Each structure stands twice: as C-alpha cells, then as structure tokens.
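These notes are about the structure you will find just below.
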Amino acid sequence: MNQRGILVVVSGFSGSGKGTLMKALLEKYDNYALSISATTRQPRAGEENGREYFFVTKEQFQEMIREDQLIEYAQYVDNYYGTPKAYVEKQMDAGKDVILEIEIQGALKVKEQFPETLLVFIMPPSAEELKRRLVGRGTETEEVIQSRLERAVKESEGIERYDYLLVNDDVERCSEEMHRLIQIQHNRAVNCLEFIGRIQEELKKIAK
Ligand code: 5GP
C-alpha cells in the first residue's frame, strides 16, 4: 500500500512544548520531515538560518508571496511566517509525512486548500503551566510574554476546528501518541486512492 506522505499540521500556544515534542518525534522515527518556514522575525540565540527558519527580510518575504512560493502565510506578533511549497511537495512525493509547525490562521488555510490534512493541537496541562513555561524559557521580554499570552487567549477560540488534541504533559508519551495518530491516517480511504484504484483494476481483470 505504498503511498504519498501525508500532511500534518501541528499547532499549540507558544510555550506548549511543541518544538521539543517535534524533536523527540523526529529523533525516534525517520519517516517524518519537518518543514522549515520563512520568517521576518529576528533569530533567537542559538537559532541558525536554514535550520529553525529561513530568516528573511520583509521585502524577501513579499517576493515569496508574489512568486507563489508559499503554501500559506500569516502575521504573528508583528512578524510574517510562511511555509515554502517546494520542500513540502518534494518530501511528500518521496513518501515522507511532512509536519508543519504553524499557528492557527495558517493551519486553517492549509486545511481549506488540502482538506485531508491532519490538524493536531498541542495543549498544555493547564493555563498556569503554560505561563510558567513561557517565563521559564527566559528568551523573551515581559512584553513579548504578555503578547503571547494574549494571543493564546484568542487562539484558544479556534481549537475546536482542529481534528485532534494532544496534552503535552510528558514528551515521551505525547510523541508516541502523535506517532500513532499520524500513522493511522495512512489507512484513511481518502489517503489511499491510488491503492484503491489499483485493486479495483486488478479485480476487474480477474473477475471477467
Ligand atoms: P516563534 O516565533 O515562536 O518561532 O513562532 C511563532 C508562531 O509562528 C508559532 O505559533 C509557530 O508555530 C508559528 N509559525 C512558524 N512558522 C510558521 C509558518 O510558516 N506559517 C504560519 N502560519 N505560522 C508559523
């Protein structure tokens, strides 16, 4: 039942631990590819161009939009973020399940374009725990933490539009659950159209 990779969108509030979760998943399994987004925000300490993000100027980002190089893009806390199309398509064609770690506006745009996309939202165990993680990270100013908490309030209004929720209380357990959730999508009939067609053809031949 060989098939194209599937598209998975993972969202979660800033501080939900989704980055750590993705890292754990990619370390354990080699059938996943994580899409690298383009962004106009400044790199944080330890981030490298082409690894966490492609860090671009506003002008470069606008050019990517004009040239239709992005699957989706959105504005988040004064910066633009977008998913480059070419890499995603190449990896899916090679049979990899591609994960987009993007925020809610982008997630819903992807689902509109590709309705078979799996949308997963990573929840913190509690709102208090989310704030504790944001403060504890120590990489953001008080102002940025506040704007991310305000944004979380807004984003929490769209969560019911996702397909599944996962509570990230334990990275090991949560990454296993995510793996199972993604793999079962391969058995959805809508993701197996080529296989269905092949069996139908073969059946016709032997039934005559
Ligand atoms: P951060 O600045 O913390 O790395 O990311 C801020 C938010 O932007 C996160 O919610 C992250 O998932 C989201 N994000 C990262 N890349 C993309 C993208 O390509 N498109 C969209 N729509 N959101 C993104």
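The values are calculated or read from the model by the stated rules, or taken from the named source; none is laboratory data. On a predicted model such as this, the values are computed, not experimentally measured, just so you know. Here the Cβ positions follow ideal geometry from the backbone for every residue, glycine too, while neighbour counts run over all protein chains shown. Surface areas here come from the heavy atoms of the whole protein model, side chains and all, with no ligands, DNA or RNA. Shrake-Rupley method; radii C 1.70, N 1.55, O 1.52, S 1.80 Å.
Restricted to segment 4-18, and to residues that are near the ligand (Cβ under 10 Å from one of its atoms) and in contact with a strand residue (DSSP E or B) (Cβ under 7 Å, 6 or more places away or on another chain), which residue is most open to solvent (accessible area, probe 1.4 Å)?
Lys18
Only one of Glu150, Glu155, Glu143 is modelled with pLDDT under 95, within 15 Å of the ligand (Cβ to nearest atom), open to solvent by less than 80 Å² (accessible area, probe 1.4 Å) and of a type in the set (Asp, Glu). Can you tell me which?
Glu155
If you take the residues in segment 103-125 that are under 14 Å from Tyr81 (Cβ atoms) and open to solvent by 70 Å² or more (accessible area, probe 1.4 Å), which one is farthest from the ligand (Cβ to nearest atom)?
Lys109
Could you list, ordered by first residue, the pairs with Cβ atoms under 9 Å in which the first is in segment 58-84 and in contact (Cβ under 8 Å) with a residue 60 or more places away in the chain and the second is near the ligand (Cβ under 7 Å from one of its atoms) and open to solvent by 20 Å² or more (accessible area, probe 1.4 Å), at least 6 apart or interchain?
Qualifying pairs under 9 Å: Tyr76/Arg41; Tyr76/Glu103; Tyr76/Gln105; Val77/Arg41.
Need the failing condition index for Leu108 against (1) over 13 Å from Ser16 (Cβ atoms); (2) in contact with a strand residue (DSSP E or B) (Cβ under 6 Å, 6 or more places away or on another chain), just the number.
Of the numbered conditions (1) over 13 Å from Ser16 (Cβ atoms); (2) in contact with a strand residue (DSSP E or B) (Cβ under 6 Å, 6 or more places away or on another chain), the odd one out for Leu108 is (2).
Can you tell me which residue within segment 21-50, out of those that are under 26 Å from Asp170 (Cα atoms), within 12 Å of the ligand (Cβ to nearest atom) and charged (D, E, K, R), is surrounded by the most Cβ atoms within 10 Å (Cβ to Cβ)?
Glu47
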